[in-house]
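K.L.:
Before anything else, here's the structure in question.
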Amino acid sequence: MATLNVNIPRFYCFLRKEFLYDGNAHHGELINVCVFGVASIAGRALGFHILTENGATIWRLPIHALCHKTDAPTMPLDYLQFWDCFSYKITCTTFERLRESRVNVHLKNREWEKGQYMFTLDWYESEDAEEAGDGGHKCCHIIALDNGNFVAQPNNRLKWFCPAFITPYKEKPDYLTNTRVWKVEREQETSTRYFYDGVSNVSDEQTLLYVKGLRFESIKAQQKENSEKVCQNI
């Protein structure tokens, strides 16, 4: 698995030239580049690796340094990328079901921007990258906006389109962030038999682990309810 640096599906776009001069010169100028990789440093914005037409490679440029239209508006970095990197260990996947899908992106200013899916970046081997709950795992989908910018946004900032399958929601669904993880190797009978006997009296609760104390009150309420049921059966 890739660490720190990862290959991405290469794409051609413009680089805002001031990023070649530490922001001190050439504002408003663009050059043609090929983007071919990404670096992930925990706690920082994604860094894109580019190749210029004159043969230079430039490392770790933020996503707001790139655009694919000459009239793309300049937007704040934290509008385009919602979360910093969760780990030094990163993966890149182009999901076949999402390939070239149209998508609406909900930005920090509460406005929606339309765009097209490119690929997905995700992290692993850190608590922030793998835990459930509000403070846990987030992936980011790289999307080319119709306004000429690129974004790196998590699932809950996106509304996907597929006329053959999706009927877009008009009001936001009242879904809750998942705060649980599931395990299967917790309480299982052992046997010397080649084929195991089925276990019918194992509670489904053994498969649920709440993360970081989230929904603590819900857990206490459930425990109290279970205790009352036990008392009623005595």
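K.L.:
Within the stretch 6-60, which residues are touching a residue at least 60 places away in the same chain (Cβ under 8 Å), surrounded by 14 or more Cβ atoms within 10 Å (Cβ to Cβ) and part of a strand (DSSP E or B)?
P.N.:
At the first step, the residues of the stretch 6-60 found to be touching a residue at least 60 places away in the same chain (Cβ under 8 Å) are 6-9, 11, 13, 38, 40, 42, 46.
Next, from what is left, pick out any that are surrounded by 14 or more Cβ atoms within 10 Å (Cβ to Cβ): 6, 8, 11, 13, 38, 40, 42, 46.
Answer for the stretch 6-60, where residues must be touching a residue at least 60 places away in the same chain (Cβ under 8 Å), surrounded by 14 or more Cβ atoms within 10 Å (Cβ to Cβ) and part of a strand (DSSP E or B): V6, I8, F11, C13, V38.
K.L.:
Also: Please go through the stretch 96-117 and pick out each residue that is surrounded by fewer than 18 Cβ atoms within 10 Å (Cβ to Cβ) and part of a strand (DSSP E or B).
P.N.:
Matches in the stretch 96-117: R102, N104, H106, W112, K114, Q116.
K.L.:
With respect to F86, determine if the residue is at pLDDT below 95, closer than 23 Å to Y117 by Cα and in the same structural domain as V105 (by TED's automatic domain parsing).
P.N.:
So F86 passes the test.
K.L.:
Taking the stated definitions as given, is A132 buried (at least 17 other Cβ atoms within 10 Å of the Cβ), over 28 Å from C13 (Cβ atoms) and touching a strand residue (DSSP E or B) at 6+ places or on another chain (Cβ under 7 Å)? Break it down into steps so the answer makes sense when it comes.
P.N.:
Details: buried (at least 17 other Cβ atoms within 10 Å of the Cβ): yes; over 28 Å from C13 (Cβ atoms): yes; touching a strand residue (DSSP E or B) at 6+ places or on another chain (Cβ under 7 Å): yes.
So A132 fits the description; yes.
K.L.:
If you don't mind, another one. For residues in the stretch 136-163 being touching a residue at least 60 places away in the same chain (Cβ under 8 Å) and not in a strand (DSSP E or B), which is farthest from G37 (Cα to Cα)?
P.N.:
C162
K.L.:
May I ask you to list the residues in the stretch 80-95 that are part of a loop (DSSP other than H, G, I, E, B) and among the basic types (K, R)?
P.N.:
The initial filter retains those residues of the stretch 80-95 that are part of a loop (DSSP other than H, G, I, E, B), namely 82-88, 94-95.
The answer is none; no residue qualifies.
K.L.:
Follow-up. Looking at (1) modelled with pLDDT of 60 or more; (2) among the hydrophobic types (A, V, I, L, M, F, W, C); (3) more than 28 Å from P76 (Cβ to Cβ), which is the only condition A221 fails?
P.N.:
If we test A221 against (1) modelled with pLDDT of 60 or more; (2) among the hydrophobic types (A, V, I, L, M, F, W, C); (3) more than 28 Å from P76 (Cβ to Cβ), just (1) comes out false.
The values are calculated or read from the model by the stated rules, or taken from the named source; none is laboratory data. On a predicted model such as this, the values are computed, not experimentally measured, just so you know. Because the Cβ atoms are built from the backbone with ideal geometry, glycine has one as well, and the counts that use them run over all protein chains shown.
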